[in-house]
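Here is the structure we will look at.
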Amino acid sequence: MSDPYVTVHEVSRAVQRAVLVGFIAVVAKPILAFKPAMDSLLGVTIPTIVVLLVAGFRRLTVSVSDKGVTCAFGHGWPRRRVALSQIESVSTRRLGWVYGWGIRLAPQGWLWRAAGRDTVCVHLATGRNLYLGVENPAALADQIRRRL
C-alpha cells in the first residue's frame, strides 16, 4: 500500500478580493441604494451567500490513494469520490476560461476547478469524464496512472 498523494489548488488572495469587490459593485451597492427594510432578509441573505460561496470554492483538494481519487472544495464539502475500478484512463487537457471555476458541466463530464486552465481528465468507465483543475496536472495524472 502506497502513501496517499494530496494536492491543493487555491485561488489567489487577489482574485478572492476582486470577486468580493465585484460583488459589492454589482449587487450590494444597488441593494443598499434601495435601502431594504432592516427586517428584510434580502439585505443579509445575498451577501452571506456570496461570501460563503467565495470561501467554500476558493480551495480544491485532490487526493489519490490505493482506493481511488477524492476531490473536495473548501473544508470537505462538496466532495466527490471515484474508485480506481471506475477509471479507464487519465490524460491532461486545457479547458478554456469559459468553463469558469467551481463545479461545472464540461465536455462529456464535470469540471472541478479552483483556478487555472490546465486539468487532469479522468476518463470513467461510464463514458463520462471528470476534469480536475490543479496546479500541476502532469504530477496528478502520473500519481493516478501509477495506481491503476
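Picking from residues in the stretch 116-142 that are crowded, with 16+ Cβ neighbours inside 10 Å and of a type in the set (Ser, Thr, Tyr), the one that is nearest to residue 73 (Cα to Cα) is 131. Looking across the stretch 49-77 at every residue that is in a loop (DSSP other than H, G, I, E, B) and over 9 Å from the mean Cα position of the chain (by Cα), the one that is modelled with the lowest pLDDT is identified as 75.
Of all residues in the stretch 120-142, at least one satisfies being over 15 Å from the mean Cα position of the chain (by Cα) and of a type in the set (Asp, Glu).
Taken over the stretch 119-142, residues that are closer than 15 Å to residue 101 by Cα and either without any contact (Cβ under 8 Å) to a residue 24 or more places away in the chain or hydroxyl-bearing (Ser, Thr, Tyr) (or both) amount to 2.
Residue 101 satisfies every condition listed in (1) crowded, with 17+ Cβ neighbours inside 10 Å; (2) within 14 Å of residue 62 (Cβ to Cβ); (3) at pLDDT below 95 except (2).
Within the set 113, 145, the sole residue that is more than 20 Å from residue 10 (Cβ to Cβ), of a type in the set (D, E, K, R), touching a residue at least 24 places away in the same chain (Cβ under 8 Å) and surrounded by 13 or more Cβ atoms within 10 Å (Cβ to Cβ) turns out to be 145.
Output the residue which, of all residues in the stretch 1-21 that are assigned to a helix (DSSP H, G or I) and either modelled with pLDDT of 80 or more or within 18 Å of residue 116 (Cβ to Cβ) (or both), is farthest from the chain's Cα centre (by Cα). First the steps, then the outcome.
Within the stretch 1-21, the subset assigned to a helix (DSSP H, G or I) is 13-21.
Still in the running and either modelled with pLDDT of 80 or more or within 18 Å of residue 116 (Cβ to Cβ) (or both): 13-19, 21.
On the way: 13: 16, 14: 17, 15: 14, 16: 14, 17: 18, 18: 18, 19: 15, 21: 21 Å.
The qualifying residue farthest from the chain's Cα centre (by Cα) is 21.
What about residue 90, is it within 30 Å of residue 20 (Cβ to Cβ), assigned to a strand (DSSP E or B) and of a type in the set (Val, Ile, Thr)? Here the answer is no, as residue 90 does not meet what is asked. Criterion applied to 59, 81, 94 was being in contact with a strand residue (DSSP E or B) (Cβ under 6 Å, 6 or more places away or on another chain), surrounded by fewer than 17 Cβ atoms within 10 Å (Cβ to Cβ) and under 21 Å from residue 1 (Cα atoms), and the one residue passing it is 81.
The values are calculated or read from the model by the stated rules, or taken from the named source; none is laboratory data. None of the values given here were measured: they were computed from a predicted structure. Counting neighbours? That spans all protein chains shown, and the Cβs are built from the backbone with ideal geometry, glycine included.
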